[in-house]
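To keep things clear, I will list the structure first and then write my remarks on it.
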Amino acid sequence: MQQLFVGSETAQVLRAGPLGKHVDGFVEALRSAGYEARSIEAKVLIVAQLGRWLARRGLGVREFDEGRVGEFLRLWRRRYRSHGAQATLVQLRRHLRTAGALAPAVASLKRGPAALIEEQYATYLGEERGLAPATLINYLALVDRFLLDRFRTGPVRLGRLAARDVTRFVLRRAYTMSPGRAKLLVTALRSFLRFLFLRGETPIDLTAAVPTVADWRLAKLPKFIPAEDVQRLLRACDRHSATGRRDYAVLVLLARLGLRASEVVRLTLEDIDWTAGELIVRGKGARHDRLPLPADVGEAVVEYLRRDRPRCPSRRVFICAKAPRRGFEGPSTVCTIVRRAIARAGLRTPSRGAHLLRHSLATDLLRRGASLAEIGELLRHRSPDTTLLYAKVDLGALREVAQPWPGGVA
């Protein structure tokens, strides 16, 4: 720690304060996460101010709870007009928990029975149902919203849940959601209500009270862009920069193999078999598929791995460009890469998410003569019905089956 400072006053203050014995470990954790010396010094200066603040109040590390964090942050923002301390305190508290100086965060302490049943439900989804982590997170967020809505004015009494509570919540919430999100809501609620009934938390099975969301899969056209626009999007990446080469590798995986955003996030170094020229894709429902690795995709990934991927403990292929050095937080990071590439290329697109490139690949393959079965195999669809959506963009085939317009020319 001493080498971070020109003088020793700050280091002496830290050594003498309640955080003294934890600062060296915190600094080392920041270095391992990829932070530069200047950033580490700024964070340590915040910790030094925190140490003074705790010492003046006679507080120890274990008394540095959420309430104290808020109190210190309010004082910090009034004095320095800066919000940068919050992220540092989150990192510090995480490090202190790892070191055993702070008790582990327990969500059930915040809302009692509601959080406890959510934790049990999460265990059920992960261990008994085997759902993917991303699905589990989505379900829990919606269930949490339901419980907060129903029991916001009183104690959580699951036995008092009634069919009207479920119906009212879905009707009120689904109105503000897209059809896809609303379908996820009712699926999560049915799963949760079935779990409550099986555990004996509710006297009757309330799953029948969850309304059905109308969303006909084949009622819409797939959102795609022409193959030449896909190439413009790829060329818009700045391959002279580290971030540009990383983003190019991500986009090539989406555009050439039709990967989902979540599959790019979960890709690990061990998933690439360079000898066989194959890629293991960790798809939905813990499904693992092998896909051939095209030469241009392999070259893009190799260039990123050799030149730009930072050294870090994570085994994920794609790592955040800025510290902390870790794998992407989630699919939203990949969608952000796509949106920025679209903006750089100056394209006007029907959507701006990662699925745009997946749909574009399927549409281009169909127009070049690939069968729906071949497209479904590449995109790893579980059901052939899912691939039927792309039949609507095969104009040649549609012309052959189109009926004459009534009253038109024979």
Q) Any idea how many residues of segment 347-384 are touching a residue at least 12 places away in the same chain (Cβ under 8 Å), in a loop (DSSP other than H, G, I, E, B), more than 20 Å from Ala134 (Cα to Cα) and not polar (S, T, N, Q)? A) 3
Q: Just give me the residues in segment 29-48 being surrounded by 15 or more Cβ atoms within 10 Å (Cβ to Cβ) and of a type in the set (Lys, Arg), in sequence order.
A: Lys43
Q | Among the candidates Ser241, Ser332, Ser262, Ser314, residue that is under 24 Å from Glu377 (Cα atoms) and hydroxyl-bearing (Ser, Thr, Tyr) | A | Ser262
Q.
Just the residues that are basic (Lys, Arg) and either in a helix (DSSP H, G or I) or more than 21 Å from Tyr121 (Cα to Cα) (or both), please, taken from segment 133-188.
A. Arg145, Arg150, Arg160, Arg164, Arg168, Arg172, Arg173, Arg181, Lys183
Q) Within segment 134-153, how many residues turn out to be at pLDDT 90 or above, over 19 Å from the mean Cα position of the chain (by Cα) and aromatic (Phe, Trp, Tyr)? A) 1
Q | Any pair with Cβ under 7 angstrom, 6 or more apart, that starts in segment 154-176 at a residue that is at negative phi and modelled with pLDDT under 90 and ends at one that is surrounded by 13 or more Cβ atoms within 10 Å (Cβ to Cβ) and of a type in the set (Gly, Ala, Ser) | A | Val156/Ala114; Ala174/Ala182
Q: Tell me which residues, restricted to segment 67-96, are under 28 Å from the mean Cα position of the chain (by Cα) and aliphatic (A, V, I, L, M).
A: Val69, Leu73, Ala85, Ala87, Leu89, Val90, Leu92, Leu96
Q | Which numbered condition Leu193 misses (of (1) among the aliphatic types (A, V, I, L, M); (2) free of Cβ contacts under 8 Å to residues at least 40 places away in the same chain; (3) in a loop (DSSP other than H, G, I, E, B)) | A | (3)
Q) Within segment 23-40, is even one residue over 30 Å from Arg309 (Cβ atoms) and more than 31 Å from the chain's Cα centre (by Cα)? A) no
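This table checks each residue for (1) at pLDDT 85 or above; (2) surrounded by fewer than 16 Cβ atoms within 10 Å (Cβ to Cβ).
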position	(1), (2)
Leu50	yes, no
Gly58	yes, yes
Val90	yes, yes
Arg97	yes, yes
Val106	no, yes
Gln120	yes, yes
Arg129	yes, yes
Q) Residues of segment 313-329 being surrounded by 18 or more Cβ atoms within 10 Å (Cβ to Cβ) and either among the charged types (D, E, K, R) or outside any loop (DSSP other than H, G, I, E, B) (or both), which ones? A) Arg316, Ile319, Arg325, Gly327
Q: For Gly298, work out the one condition from (1) surrounded by 19 or more Cβ atoms within 10 Å (Cβ to Cβ); (2) assigned to a helix (DSSP H, G or I) it doesn't fulfil.
A: (1)
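The values are calculated or read from the model by the stated rules, or taken from the named source; none is laboratory data. Worth saying up front: this structure is predicted, and the values here are computed from it rather than measured. Every residue, glycine as well, gets a Cβ built from its backbone with ideal geometry; the counts of neighbours run over all protein chains shown.
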